[in-house]
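One structure follows; several queries about it will come next.
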Amino acid sequence: MDVIAEHDRMKDVAHPLRIAGISRPADVTFSFAGTSLSAPEGENLAAALIACGIRRLGEGQDAARPRAALCMMGVCQQCLLRVDGRLVQACLVPVRAGMVVTAT
């Protein structure tokens with residue numbers, strides 16, 4: 001988790017963005033920066049990472065300006081990650097079991 005600074009994780013919160021009582025597909029497991037995470041299958045990857053408490057997706061041009069999911073609709077490209085070795089926009093990619101996600 002070297003890419004994810006400890007202060008950029010929401011602490012002591014269990015899925016703060018999940019609405020109770022809403023039916024979702026079963027959770028699947030995937031990895032981000034070597035950490036095993038779970039999210040409902042088919043949820044977009046950026047939303048899944050945010051719900052798991054991960055806001056920082058990589059480094060910007062300087063360390064004071066990290067990259068994060070911004071527009072959530074594929075316009076800004078601030079959420080670029082590598083999924084199974086391929087460069088993708090996290091807000092446009094559905095979560096699936098076994099995905100290996102790394103920062104660019």
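The values are calculated or read from the model by the stated rules, or taken from the named source; none is laboratory data. Because the structure is a prediction, the values reported are computed rather than measured. A quick note on method: Cβ atoms are made from the backbone with ideal geometry, for glycine too, and the neighbour counts reach across all protein chains shown.
Suppose we filter the stretch 53-68 for residues that are part of a loop (DSSP other than H, G, I, E, B) and either at pLDDT 95 or above or surrounded by 20 or more Cβ atoms within 10 Å (Cβ to Cβ) (or both); how many remain?
Of the residues in that region, 1 qualify.
On to the next question. Checking Arg82 against (1) crowded, with 17+ Cβ neighbours inside 10 Å; (2) free of Cβ contacts under 8 Å to residues at least 24 places away in the same chain; (3) outside any loop (DSSP other than H, G, I, E, B), which test does it fail?
(1)
Go through the stretch 85-104 and give me each residue that's surrounded by fewer than 18 Cβ atoms within 10 Å (Cβ to Cβ), of a type outside the set (A, V, I, L, M), in a strand (DSSP E or B) and in contact (Cβ under 8 Å) with a residue 12 or more places away in the chain.
Of everything in the stretch 85-104, those that are surrounded by fewer than 18 Cβ atoms within 10 Å (Cβ to Cβ), of a type outside the set (A, V, I, L, M), in a strand (DSSP E or B) and in contact (Cβ under 8 Å) with a residue 12 or more places away in the chain turn out to be Pro94, Thr102.
Check Ala26 against each of (1) over 20 Å from Thr104 (Cβ atoms); (2) surrounded by 16 or more Cβ atoms within 10 Å (Cβ to Cβ); (3) among the small types (Gly, Ala, Ser) and name the one condition it does not meet.
So the condition that Ala26 fails would be (2).
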